[in-house]
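Here the structure comes first, spelled out in C-alpha cells, and everything after it is commentary.
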Amino acid sequence: MMDKTRTRVAVAGLGAIGADVVRALDQGIEGLSLIAVSASSPDKHRGWVAGLKSAPKIVPIDELAEVADIVVECAPSKVVRSIVAPVVERGKTAIVLSVGALLQNEDLVDLARAHGGQIIVPTGALIGLDAVTAAAVGTIHSARLVTRKPVAGLVGAPHLVENDIRIEGITEPLRIFEGSAREAARGFPANLNVAVALSLAGIGPDRTRVEIWADPTVTRNTHRIEVDSDSARFSMMIENIPSENPKTGRITALSVIACLRKLRASLRIGT
Ligand SMILES: NC(=O)C1=CN([C@@H]2O[C@H](COP(=O)(O)OP(=O)(O)OC[C@H]3O[C@@H](n4cnc5c(N)ncnc54)[C@H](OP(=O)(O)O)[C@@H]3O)[C@@H](O)[C@H]2O)C=CC1
Ligand SMILES: O=C([O-])CC(=O)C(=O)O
C-alpha cells in the first residue's frame with residue numbers, strides 16, 4: 001500500500017504567486033501540509049500568516065530545505081540558486097517558477113540528478129506544455145512564442161533599459177524583441193519565464209524563437225505558441241489576466257496549485 005503520510009511543503013516568496021499558493025495549501029491539498037514560508041521582508045507578512053488556519057513558520061530561505069520535502073520557489077530569479085540548490089542536494093523536490101534562472105544555473109539539474117532530487121517546472125502562465133513534451137518524445141522541427149503584454153507588464157526590463165527602448169506612452173503595438181528564448185530570458189528576466197519553460201519542454205533555449213510586443217491595445221498578457229513536429233502541428237494562445245503584479249498572470253498561481261494537487265491525487269489528468 002502507498003505511503004499516505006503527509007508531505008511537508010514550504011513556499012519561498014509571498015507575492016502574487018506565493019500568497020495564493022500558501023492560501024490554497026492552508027485550505028488543504030490532499031497529502032500535503034504547509035510547514036514554512038520565506039519572504040524578503042518577513043515583518044510585512046506576519047499578520048496574515050498568523051491569521052491562517054494553521055500558521056507556518058516564517059524562516060530565512062536557507063532553512064527551507066531542512067524543514068520541507070518540497071519547496072515552491074516563487075521569488076525573484078536572483079535568489080533561485082540559493083533556494084533550489086540545498087533542496088535538490090538533499091534529494092528533495094523544488095518547484096521552480098523563475099524558470100529563466102535555470103538557464104544561468106543549468107548545473108542545478110545535474111545536482112538534482114546526482115542526489116536523486118527533482119526540479120518541477122509547472123506550465124505556469126503558459127499553455128500546452130503537455131503537448132510540447134509529448135511532441136518532444138518524437139522530433140520537433142520548430143517552436144515559436146509570440147508574447148504581447150501591456151506596457152505595465154514590461155517596463156523596466158533590462159533589454160529595454162540597455163537598448164534605450166521607450167515604451168511608456170506608445171499608442172500602437174511595438175515589437176521590442178526578436179531572438180532566441182535564451183536571449184529573451186537574459187533581456188526580460190522577470191517577464192519571459194514562459195519562453196524558457198517552452199524551450200525546456202521542447203527544443204531548447206537556442207532553437208526556440210521568441211517575439212515580444214509591447215501592446216497598448218491589450219489588457220492581458222497574451223502568449224501564442226506555434227509548434228511543428230513529426231507527430232503534430234499545433235498553435236495555442238492564452239490571454240492572462242494580470243494579478244496584482246502586472247508582470248504575472250493570475251493563472252500562474254493556479255497552475256502551481258494544480259501541480260501540487262497532482263502530486264498525491266488518486267486521479268491524475270494530463271501529462
Ligand atoms: N513560470 C511562470 O509561468 C511565471 C513565473 N513568474 C516568476 O515567478 C516569480 C515570482 O513572481 P511573483 O509572485 O509575481 O513575484 P512578486 O514580486 O509578486 O513576489 C516576489 C516575492 O519574493 C519575495 N522575495 C524577494 N527576495 C527574497 C529573498 N531574498 N528571500 C525570500 N523571499 C524573497 C518577496 O518578498 P516581500 O514580499 O517581502 O518583498 C515577494 O514576496 C518571479 O521570478 C516571476 O518572474 C511569474 C509569472 C509566470
Ligand atoms: O512568463 C512570465 O514570466 C509571466 C508572464 O508572461 C505571464 O504571467 O503571462
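Every number in this text was worked out from the coordinates using simple rules, so none of it is lab data. No experiment lies behind these values; they were computed from the predicted model shown. Positions of Cβ are backbone-derived with ideal geometry, glycine not excepted, and every protein chain shown enters the neighbour counts.
So if we plug the beta-carbon distance of residue 166 and residue 268 into 1/(1 + (r/R0)^6) with R0 = 51 Å, what FRET efficiency do we get, rounded to 0.05?
The formula returns an efficiency of 0.60 here.
Any idea how far apart residue 120 and residue 58 come out in nm if each label point goes 7 Å out from Cα toward Cβ?
For residue 120 paired with residue 58, the spin-label model returns 2.7 nm.
Can you work out D for the chain in µm² s⁻¹ from Stokes-Einstein, where Rh is the Kirkwood radius over C-alpha pairs, the temperature is 20 °C and the viscosity is 1.002 mPa s? Spell out each step's value before the answer.
On the way: Rh = 19.2 Å.
Roughly 112 µm²/s, to the nearest whole number.
Taking every pair of Cα atoms in the stretch 129-240, average 1/r, invert it to obtain the Kirkwood radius, and report Rg/Rh to two decimals.
Taking Rh as the inverse mean 1/r over Cα pairs, Rg/Rh reads 1.00.
Below 8 Å between Cα atoms, with a sequence gap of 6+, how large is the relative contact order for the stretch 114-271 in percent?
Worked out over the stretch 114-271, it gives 34 percent.
Return 188, 177, 234 ranked ascending by Cβ neighbour count within 10 Å, so the fewest neighbours appear first.
Ascending number of Cβ neighbours within 10 Å: 234, 177, 188.
Could you list 247, 262, 149 so that the one with the fewest beta carbons within 10 Å of its beta carbon is first and the one with the most is last?
262, 247, 149
At a 10 Å Cβ-Cβ cut-off, how would you order 227, 72, 79, fewest neighbours first?
In increasing order of surrounding Cβ atoms, one gets 79, 227, 72.
Please give me, ordered by residue number, the GluC sites (Glu not before Pro) of the stretch 214-253 that lie in loop per DSSP and have at most 11 other Cβ atoms within 10 Å.
In loop regions of the stretch 214-253 (DSSP not H, G, I, E or B), the sparsely surrounded GluC sites (Glu not before Pro) are 244.
Treat each spin label as a single point 7 Å out from the Cα along the C-beta direction, and report the residue 133 to residue 78 distance in nm.
Between residue 133 and residue 78, the simple spin-label model gives 3.2 nm.
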